[in-house]
Amino acid sequence: MLDPRLTVLRTFAARETIAATAEALGYSPSAVSAQLREYQRALGVRLLVKDGRGLRLTAAGAELVERTDDLVAQWEEIHAAVRDAAERLTPAIVRLGGFSTATGSLLSPVAARLRARHEGLEVHIVEADPARCVDLLTADRLDIAVIVAMQMTHELDERRIEQIPLLDDPLDVLVPADHPLSGRESAGLDELGGDPWITDRPGTPYRALFVTAFAAAGATPRVVHQVSDWGSQESLVSDGLGVAFIPRLMRLSGDARAVRVPLHGPSAPSRRILAIMRRGASSHSLFAEALTELRSAAEATRAPD
């Protein structure tokens, strides 16, 4: 297997501080510092240097991290081949991560199917935002993560992370049950410009998506409430306080006072959902099976409630 101290160094390269590296790995800061010192001594090369109150990679450290990208991918492929060749190998753990609405709609059913099919398999689920999912993949604490592409604050490094498109998740409109559009099969955004809207605060990806959708529809929305949580937005709609976007992946509470109406037309918003893995990890037959199940679960969400 790969030297775990290399994983520590690569995680430090991604997180840039000892404290952040420790948090991603689940270690104490002192344990991270000790492993980095030991790795430097073992290699006989200075990998880190003081930079103000912190540390940064030396040129040698940065070179080592960059040149081990292919090594890590090759190890994933070797590990997969060895496990697949072993007879009577009991599956151990599959670690899945993702954002909140993916947990119930995608990760939970996939975990249940895998456990039913493989006796003894443990499936662990971690709910986390996209940036943390990437950190946990780098730290080898997740195997597969599901993210919303637009919520990434920086581009994914394709040398380290493989991206697999799962679906474009439409955003429907959630309206009170007594709304004039509540019985419609679909609606256009131009029909909703005069309604009181509930949406995320300015400066967030979802507020940007909201603004872009209405600009494309040639309508000006009237924002009355700024609420980030989907469940809280549903509560406000149920109480007749406005209308809101709701992702197709988001399961409603069952409160009949709020009705989901699909949006039609070129301005109808959606969000791109990706599965991400360490490069080479898809060679594992169990991970490939999990990806197939994720695609199946994603396909099942395409029809509105």
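The values are calculated or read from the model by the stated rules, or taken from the named source; none is laboratory data. A quick note: this is a predicted structure, and the numbers were derived from the prediction, not measured. All Cβ positions, glycine included, derive from the backbone under ideal geometry; neighbour counts span all protein chains shown.
For this structure, a couple of remarks:
- Qualifying residue in the range 177-197 (condition: surrounded by 20 or more Cβ atoms within 10 Å (Cβ to Cβ) and assigned to a helix (DSSP H, G or I)): yes
- Candidates GLN226, GLN233: the one that is without any contact (Cβ under 8 Å) to a residue 40 or more places away in the chain and over 21 Å from the mean Cα position of the chain (by Cα) is GLN226.
- Selection of the range 22-44 for residues being under 16 Å from ARG141 (Cβ atoms) and either assigned by TED's automatic domain parsing to the domain that holds ASP135 or assigned to a helix (DSSP H, G or I) (or both) yields ALA22, GLU23, ALA24, LEU25, ALA31, VAL32, GLN35.
- Of residues in the range 257-298 being of a type in the set (D, E, K, R) and more than 18 Å from GLY188 (Cα to Cα), the one modelled with the lowest pLDDT: ARG279
- Taken over the range 198-223, the residue count meeting the criterion of being free of Cβ contacts under 8 Å to residues at least 24 places away in the same chain, of a type outside the set (A, V, I, L, M) and not in a loop (DSSP other than H, G, I, E, B) is 1.
- Test: residue in the range 3-21 that is under 19 Å from TRP75 (Cα atoms), part of a loop (DSSP other than H, G, I, E, B) and touching a residue at least 24 places away in the same chain (Cβ under 8 Å): yes
- The listed residue being part of a strand (DSSP E or B) and β-branched (Val, Ile, Thr), out of VAL259, VAL237: VAL259
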